[in-house]
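Contents: one structure, followed by commentary.
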């Protein structure tokens, strides 16, 4: 997790998050059942993007070096870093994308619904942290790329099948 | 003309069998699950049934037992088919009442030979 | 005892795994070859241990358009198997598989093409597991196929999520097929459950 600024596009990988400010742009690709979480402070121009895989760190059976693997630890770690960078939590807004069920079959299988569970967990944590969700493109059955422009708070979601939209 | 009923949940496999069997000179009817298959068998009385082993909800073994326990369909010979071919599956198929077994991808010439042998035996 | 987390597979264990996946893929390649009447070759099997975030890169890049078929398997050993083709390969395979068919409309064509790929996946996954079951003289059953057509990264993240529950590293048992006659590219990846590794090594005679 690193901090940069000024116009560059910074990629955020799976189970990771980055925070930045001003004209930096954060991007994460291949959101299938994973959820991309954007947090931004429009007043102080600070933003963060996390790419989480699982809902809850309590299900983890092993030590991990990536807090951003989980919705709960990931979002909280990102909030902390944004505050360190000068963000004010009561200004924070969130936008989320991902949590799809990428597979189809003759019979639906509840074991494949981790995407939905991830979205629920993310919404729960954001509610606990009192951060409103102002944009969302979640669920369904397609993969997404998310691009976040900190300066304006604009978030673009791209998919292979359905083109580009803003949330 | 010999009438063949194909029971398989894969649309692709249904189409493929329909094409191959019609070209081999058979009349073909198709069902995409066990329920419809058994109903169609009762109604149309095919000469032979090709039955998929692995289907969602009701599998081929249960469907076969069903066909064999119904007076209208018990004498129709059943060939079980599956992509997972091993002796255990072949044995299970025979135990549930199938007279034959063929693995996917289906070799149409082999299937023709099996059908002819089974129906030839029927007629004596 | 071998722990995936500790990445402590011995050389002989890695060799065993390579042999098993090679055999599985060879059986699948034979089935595919019969289906489309072309020569199919199996590349040298790879056993890689990589951080989860690097997996998409290792498999060709997260933005690669693929068609993937995912299966669970159960029996004496449990796990998952994932077969994927680059989009162009999937389109080519579908052309071969549906060569005899006519469609009344585009929607029917798409449905049957998807069904053809699911059926193909069924046959290939069954062949792969058949090989292992025979090699080890055990029973393995396969689930129905799960189909996805999208960017590689988005399709595989479900599998990475499963792995991430236990560890930050993925054990990739990956084989690639290709053909000297036509331009196709396919991958076979098997994910045995952790307990199944012990069974595999015991069965083959190594502790």
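The values are calculated or read from the model by the stated rules, or taken from the named source; none is laboratory data. Since the model is a prediction, treat every value here as computed from it, not as a measurement. Don't worry about glycine lacking a Cβ; one is built from the backbone with ideal geometry, like all the others, and counts go over all protein chains shown.
What residue, among those in the stretch C:144-162 that are buried (at least 20 other Cβ atoms within 10 Å of the Cβ) and more than 8 Å from chain A (Cβ to nearest Cβ), is nearest to the chain's Cα centre (by Cα)?
The selected residue is C:159.
Could you tell me how many of the residues in the stretch B:4-39 are assigned to a helix (DSSP H, G or I) and surrounded by fewer than 20 Cβ atoms within 10 Å (Cβ to Cβ)?
The total comes to 9.
Considering the stretch B:74-91 alone, what residues qualify as being touching a strand residue (DSSP E or B) at 6+ places or on another chain (Cβ under 8 Å) and closer than 18 Å to residue B:115 by Cα?
B:76, B:77, B:78, B:79, B:80, B:81, B:82, B:90
Tell me yes or no: at least one residue of the stretch B:110-121 is in contact with a helix residue (DSSP H, G or I) (Cβ under 9 Å, 6 or more places away or on another chain) and exposed (fewer than 13 other Cβ atoms within 10 Å of the Cβ).
Checking the stretch B:110-121: not a single residue is in contact with a helix residue (DSSP H, G or I) (Cβ under 9 Å, 6 or more places away or on another chain) and exposed (fewer than 13 other Cβ atoms within 10 Å of the Cβ).
For the stretch C:54-72, check the following and say yes or no: at least one residue is within 14 Å of chain A (Cβ to nearest Cβ) and free of Cβ contacts under 8 Å to residues at least 60 places away in the same chain.
yes
Can you spot a residue in the stretch B:40-48 that is within 14 Å of chain C (Cβ to nearest Cβ) and outside any helix (DSSP H, G or I)?
no
May I ask you to verify whether residue C:30 is touching a residue at least 24 places away in the same chain (Cβ under 8 Å), within 30 Å of residue B:24 (Cβ to Cβ) and part of a helix (DSSP H, G or I)?
Yes; evaluated as a whole, the condition is true for this residue.
Having 2 or more residues that are on the phi > 0 side of the Ramachandran plot and at pLDDT 95 or above is the bar; report the strands (runs of 3 or more DSSP E) wholly within the stretch A:1-120 that clear it.
Those strands (runs of 3 or more DSSP E) do not exist here; none qualify.
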